[in-house]
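The values are calculated or read from the model by the stated rules, or taken from the named source; none is laboratory data. Just so it is clear, the structure is predicted and the values come from calculations on it, not from any experiment. Positions of Cβ are generated from backbone atoms using ideal geometry, with glycine treated the same way; all protein chains shown enter the neighbour counts.
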Amino acid sequence: MTVMASAQQITERIRELQATLPPNVTLVAVTKLLPVEVIRTAYAAGVRHFGESRVQEAIVKQTELQDYPDITWHLIGHLQTNKARKAVEHFQWIHSVDSLRLAERLNQVAAELGKRPHCCLQAKMLPDPPKMGFDLDDLNAALPVLNQLTHLDICGLMAIPPQNASPEEVQQVFTEAQCLADRISQSNFSHLKILHLSMGMSGDYPLALAAGATMIRLGTTLFGPRPDL
Ligand SMILES: *Cc1c(COP(=O)(O)O)cnc(C)c1O
């Protein structure tokens, strides 16, 4: 049995957190596996950015939430290339651009749809075999091609520390993500200005904020444990 937070608890947690966040930091409330009522509650407390891991689940929720046109939807979970079109149709932000192949496919469908989604490159700052994301060597090698994908607004990095990372390693991941973002932005790739750092989840967001995160993705801290599937 998992115990979800009450609407009142959610509201209080959001208000407290928003009061402490620097003005340049966006709170992305992660509502994967949670019912739309939770989104309505968070919205009423002032949240406008919502993160979902699965395209199909998000589409169902968006259909139920058509009376909330000013929500910005963020895709934060791994995206299969065969769902790229739906992702571009339904999300303004895609944080989980984790391969060149996916980026190229997104660019193609964005061109076809006349859209230009905001994208974060998901980078593995430490080796992390089970996780999706660019290894640093692969990312460096991909930059010249990514720079050509002008139907994407590649403007962020998403960095997630490995599962069992020590606090020092978590710190290292966030600090190095900041350095990498600066290095890419200062390179000659005119379309790659990495202004956003999507880093920080419930367990590590204070460290991420200290390291310069501009988007934190919080689920459990706001809503309590997610129901198991
Ligand atoms: C689920 C998820 C989150 C939120 O995790 P919490 O620990 O519940 O805050 C953030 N980012 C990604 C990529 C996720 O999959």
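Observations on the model:
- Odd one out for Thr20, checked against (1) surrounded by 15 or more Cβ atoms within 10 Å (Cβ to Cβ); (2) farther than 30 Å from Leu100 by Cβ; (3) more than 12 Å from the ligand (Cβ to nearest atom): (1)
- Scan the stretch 203-228 for residues that are of a type in the set (Gly, Ala, Ser) and near the ligand (Cβ under 8 Å from one of its atoms) and the total you get is 2.
- Output for the stretch 157-186, where each listed residue is away from the ligand (no atom under 16 Å from the Cβ) and closer than 19 Å to Asp138 by Cα: Glu176, Gln178, Cys179, Leu180, Ala181, Asp182, Arg183, Ile184, Ser185, Gln186
- Residues of the stretch 203-220 classified as closer than 14 Å to His118 by Cβ and either touching a helix residue (DSSP H, G or I) at 6+ places or on another chain (Cβ under 7 Å) or outside any loop (DSSP other than H, G, I, E, B) (or both), total: 1
- Any hit, the stretch 76-93, residues being crowded, with 22+ Cβ neighbours inside 10 Å, under 18 Å from the mean Cα position of the chain (by Cα), modelled with pLDDT of 95 or more and under 18 Å from Phe223 (Cβ atoms): yes
- Gly200 crowded, with 16+ Cβ neighbours inside 10 Å, under 18 Å from the mean Cα position of the chain (by Cα), part of a loop (DSSP other than H, G, I, E, B) and within 16 Å of the ligand (Cβ to nearest atom): yes
- Residues satisfying the stated conditions in the stretch 65-85, i.e. among the β-branched types (Val, Ile, Thr) and out of contact with any Leu (no Cβ under 8 Å at 6 or more places or on another chain): Thr72, Ile76
- Applying the set (1) away from the ligand (no atom under 13 Å from the Cβ); (2) aromatic (Phe, Trp, Tyr); (3) under 18 Å from Lys32 (Cβ atoms) to Phe189 leaves exactly one unmet item: (3).
- Cβ-Cβ contacts under 7 Å between residues 6 or more apart (or on different chains), taken from a first residue in the stretch 25-42 that is in a helix (DSSP H, G or I) and within 11 Å of the ligand (Cβ to nearest atom) to a second residue that is among the small types (Gly, Ala, Ser) and at pLDDT below 95, are absent.
- Positions within the stretch 51-82 being part of a helix (DSSP H, G or I), more than 21 Å from Lys124 (Cα to Cα) and more than 16 Å from the ligand (Cβ to nearest atom), in sequence order: Ile59, Val60, Gln62, Thr63, Glu64, Asn82
- Of all residue pairs spaced 6 or more apart or on separate chains, those with beta-carbon atoms under 8 Å, a first member in the stretch 90-101 that is of a type in the set (Ser, Thr, Tyr) and a second member that is away from the ligand (no atom under 13 Å from the Cβ) are Ser99/Phe134.
- Just one of the numbered conditions (1) of a type in the set (S, T, N, Q); (2) closer than 14 Å to Leu197 by Cα; (3) assigned to a helix (DSSP H, G or I) is not true of Asn140: (2).
- Residue list for the stretch 85-118, filter: touching a strand residue (DSSP E or B) at 6+ places or on another chain (Cβ under 9 Å) and closer than 13 Å to Gln56 by Cα: Ala87, Val88, His90, Phe91
Matching residues to (1) assigned to a loop (DSSP other than H, G, I, E, B); (2) within 18 Å of the chain's Cα centre (by Cα); (3) within 25 Å of Glu89 (Cβ to Cβ); (4) modelled with pLDDT of 95 or more:
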position	(1), (2), (3), (4)
Gln148	yes, no, yes, yes
Met158	no, yes, yes, yes
Cys179	no, no, no, yes
Arg183	no, no, no, yes
